[in-house]
1. Calculate, in nm to one decimal, what residue 64 and residue 143 gain on full extension: separation in residues at 0.36 nm each, minus their alpha carbon distance.
2. Against the 2.2 N^0.38 Å scaling, with N counting residues, where does the stretch 36-86 land? I'd like the Cα-based Rg ratio to two decimal places.
3. Full extension from residue 96 to residue 46: what is 0.36 nm times the residue separation minus their Cα-Cα distance, to one decimal in nm?
């Protein structure tokens with residue numbers, strides 16, 4: 001079970017990184033800039049179609065009003081490589097802005113239909129928060145002012 005928890009934490013972190021690393025369209029103005037990520041752009045991005053963690057397959061991001069749902073298949077081999085175990089993962093992420101920074105919070109996660117414990121969700125949230133902030137700061141200096149997620153796109157405005 002401990003291996004499952006570690007694998008699940010890693011999978012969800014990698015999936016979220018894939019969402020963050022997808023292709024973006026930027027329209028800059030002197031004071032503000034807007035970044036728009038469509039669901040199609042996210043799902044066709046290199047990190048979603050070619051996850052860094054090669055045990056991940058069938059990665060899909062489904063944008064929904066106010067949240068993003070990420071699903072994937074994780075295939076884990078035993079230490080000697082004799083057998084494999086397949087895990088179907090689904091995670092739901094909710095964005096917010098805290099002190100000008102975007103914070104994606106894991107609200108729920110399941111592995112093979114079993115929900116993750118609140119302790120596991122807390123661990124994942126602690127691990128992924130700093131990673132997303134560091135990525136965004138390097139790509140888009142400034143402070144986020146709004147983030148909107150609907151069925152088709154994520155729109156982020158920052159200055």
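Every read-out reported here was derived from the displayed coordinates using simple, explicitly stated rules and does not represent laboratory data. Worth saying up front: this structure is predicted, and the values here are computed from it rather than measured.
1. On the way: separation 79, 0.36 × 79 = 28.44 nm, distance 2.42 nm.
So the extension gain works out to 26.0 nm.
2. Working: Rg = 13.8 Å, N = 51, 2.2 N^0.38 = 9.8 Å.
That works out to 1.41 for the stretch 36-86.
3. Extending this stretch completely gives an extra 15.5 nm.
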